[in-house]
Amino acid sequence: MKKTTALLSAAALLAAPAAMSAPASASQAEATVSVLHAVPGLTVDVYANGEELIPDFTPGTLTDPLQLPAGTYDLQVFADGDAPGSGQPAIEANGVEVPAGANATVVAHLDSDGNPVLTPFVNDVSSTEAGQARVVVRHTAAAPAVDVRADGDVLFPDLANPDEASADVPAGGYSADVTLAGENEAVLGPADLQLTEGTATIVYAWGSAEDGNLDLAVQTIDGLHSAPSGVPGGETGAAALGGGTPPWALALAAGSLAALALAATRLVPARTRR
């Protein structure tokens, strides 16, 4: 695994202020951040502002949503056992500005060339219409561009790393599969996907097509069926390819920013592991 330094732009976290609001129970000076780690074969220790916050963070782990004070953070991700002063970070992002009221998922993942990078995604928590559900696909895998189909129709065409696509669709069951962009033969699926009214289902597929270790992780945000008084809570989890979770995309996701909240709160975040 090559080591690289990735600068994380605060602009990405500010990209959709209209879609972000703070939880009713949270201070207006807080943000909501989830973190996904799925760089294959690399267990890491996460540091924020020089302090170890997440030891032994394994691929496929997605944190629960964290409430953290808005502010600026220096983030370092080290191979397990290394530390500031004794090794070089696998990924580093200094001066990361986390704005108040943001709802974001930060993913440390492979780029199209297989290098580890950090990418923040703003989560759209705006209300859905009655009877509707939101589906989001994030492609951050070392894999080609793909078309994502629902019931045989292309829903998200030509999705490439590190892009995302989303749509509000009627709640219900769908048969989903993935093809290489412009092709007809499915490379993943078909599989059944149940989209519940008033939820956002965010699918990350992560890994490397060349290395044959593509995997899926799924994040669910609920409470969108009526005008939210704050950022809805979410359920997080990871699922392997070929399991019960349908393959809405070839996306890799590997997150290492979960440490943000703890820089001030000193709390260890809850994590869901497969």
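The values are calculated or read from the model by the stated rules, or taken from the named source; none is laboratory data. Treat the numbers as computed from the prediction; the structure is a model and nothing was measured. Note: ideal-geometry Cβ built from the backbone for every residue, glycine included; neighbour counts use all protein chains shown.
Here residue 28 passes the criteria (1) in a strand (DSSP E or B); (2) modelled with pLDDT under 85 except the one numbered (1). Scanning the stretch 128-143 for residues that are buried (at least 16 other Cβ atoms within 10 Å of the Cβ) and either of a type in the set (Phe, Trp, Tyr) or in a loop (DSSP other than H, G, I, E, B) (or both) gives 128, 140, 141, 143.
When restricted to residues that are at positive phi and not polar (S, T, N, Q), the stretch 42-57 contains 2. The residue that is farthest from residue 138 (Cα to Cα), counting only those in the stretch 157-173 that are among the hydrophobic types (A, V, I, L, M, F, W, C) and part of a strand (DSSP E or B), is 169. Annotation note: Cβ proximity below 9 Å between a residue of the stretch 185-198 that is closer than 22 Å to residue 222 by Cα and a residue that is in a loop (DSSP other than H, G, I, E, B) and acidic (Asp, Glu) (sequence gap 6+ or interchain) occurs for 196/222; 198/222.
One residue stands out in the stretch 53-102 among those that are hydroxyl-bearing (Ser, Thr, Tyr) and outside any loop (DSSP other than H, G, I, E, B): the one that is surrounded by the fewest Cβ atoms within 10 Å (Cβ to Cβ), namely 72. Only a single item in (1) buried (at least 22 other Cβ atoms within 10 Å of the Cβ); (2) assigned to a strand (DSSP E or B) is not met by residue 154, and it is number (1). Regarding the stretch 161-179, can at least one residue be identified that is of a type in the set (A, V, I, L, M, F, W, C), farther than 26 Å from residue 33 by Cβ and either in contact with a helix residue (DSSP H, G or I) (Cβ under 8 Å, 6 or more places away or on another chain) or touching a residue at least 60 places away in the same chain (Cβ under 8 Å) (or both)? The answer is yes; a qualifying residue exists. Put simply, of 252, 159 the only residue that is surrounded by 14 or more Cβ atoms within 10 Å (Cβ to Cβ) and at pLDDT 80 or above is 159.
Within the stretch 174-183, being in a strand (DSSP E or B) and either hydrophobic (A, V, I, L, M, F, W, C) or surrounded by fewer than 17 Cβ atoms within 10 Å (Cβ to Cβ) (or both) holds for 175, 176, 178, 180.
For the stretch 220-230, check the following and say yes or no: at least one residue is small (Gly, Ala, Ser), within 20 Å of residue 138 (Cβ to Cβ) and buried (at least 16 other Cβ atoms within 10 Å of the Cβ). No, that holds for no residue.
Residue 8 meets the conditions (1) at pLDDT 90 or above; (2) surrounded by 15 or more Cβ atoms within 10 Å (Cβ to Cβ); (3) not aromatic (Phe, Trp, Tyr); (4) not in a strand (DSSP E or B) in every case but one. The failed one is (1). The sole residue among 171, 191, 186 that is over 24 Å from residue 106 (Cβ atoms), hydrophobic (A, V, I, L, M, F, W, C), surrounded by fewer than 22 Cβ atoms within 10 Å (Cβ to Cβ) and modelled with pLDDT of 95 or more is 171.
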